[in-house]
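The values are calculated or read from the model by the stated rules, or taken from the named source; none is laboratory data. Note that this is a predicted model, so its numbers are computed, not measured. Every residue, glycine as well, gets a Cβ built from its backbone with ideal geometry; the counts of neighbours run over all protein chains shown. Side chains are part of the model used for accessible areas, which takes the heavy atoms of the whole protein and leaves out ligands, DNA and RNA. Shrake-Rupley method; radii C 1.70, N 1.55, O 1.52, S 1.80 Å.
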Amino acid sequence: MQDASILHGHHVVSGPELRATFDAAALDADDTARVRRRVLHGIVLVLLIGVIAAGIITALAIINGRFSIPTAEPADEKVSTCPAATFDYTPPEQINLNVYNSTSRPGLARSVADEFLARKFVVADVGNIDAGYRGVAAVISGAAGQSAAFSVQRNLPGSDYFQDGRTDGSVDVILSQDYRALAPPDLVDQTPGTLSCPRESRRVADDDRWPVMPSAAPVS
């Protein structure tokens, strides 16, 4: 009797054999997917443990002061060096004044000094100076001369105040290229007020030459 599983010399696959083949392939696929899931779970677990460990180490470092979290800091505010006090007008006869010319205009210091003398200021030194200041006029004193400097500024519109380290109450006036004239005597404001300090953008041209000191140049 002829074998039904052989046809023309070839094996005929039966239904059970075919199902067994597909079942084996499905099992292999399931095993591969299971292995991939296990590997993925292992990677996630390792990463999670690493994150937790890093968090614990960072927390301990912060507690022990070995690590600090940077925070946003407010922008530095400009600190004004201009005295904020309000001064009374000091009588001119109580003010010791020095007048210097930093321009190329001959005789300017002498003529302005004479005007101050006519207003009863006590004028001592008059001369030339090489200053880095650029503006109308620089009015300079120590802390003890701030009230006197305020009164000088009321006679010198547009001037800028600078403080130096002197301990007496004397005041220096340095006339610069923008100087035109003193305020008319009858228009000088004698009410209390504050000192007027430099406008930062244009008042001192050369910081290395400030504070300035009078030179030994001839009187002008």
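At 0.36 nm per residue, and after removing the present C-alpha to C-alpha distance, how many nm does the segment from Ile57 to Ala118 gain when stretched out fully?
So the chain would gain 14.0 nm between Ile57 and Ala118.
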*Quick one: in the range 105-149, what % of C-alpha pairs are over 15 Å apart?*
57
*Using unit Cβ charges (K, R positive; D, E negative) and no other charged atoms, how large, in debye to the nearest 20, is the dipole of the range 86-204 about its Cα centre?*
300
*Based on the Cβ-Cβ distance from Val188 to Asp130, what FRET efficiency comes out when R0 is 30 Å, to the nearest 0.05?*
0.50
*Average projected area of the Cα convex hull of the range 86-204, in nm²?*
6.7
*Remind me, relative contact order of the range 92-146 in percent, using alpha carbon pairs under 8 angstrom and six or more residues apart?*
41
_Separation in nanometres of the label points that stand 7 Å from Cα toward Cβ, at Ile49 and Ala144_ = 7.9
*So how much accessible area does Arg154 have, in Å² to the nearest 10, using a 1.4 Å probe?*
50
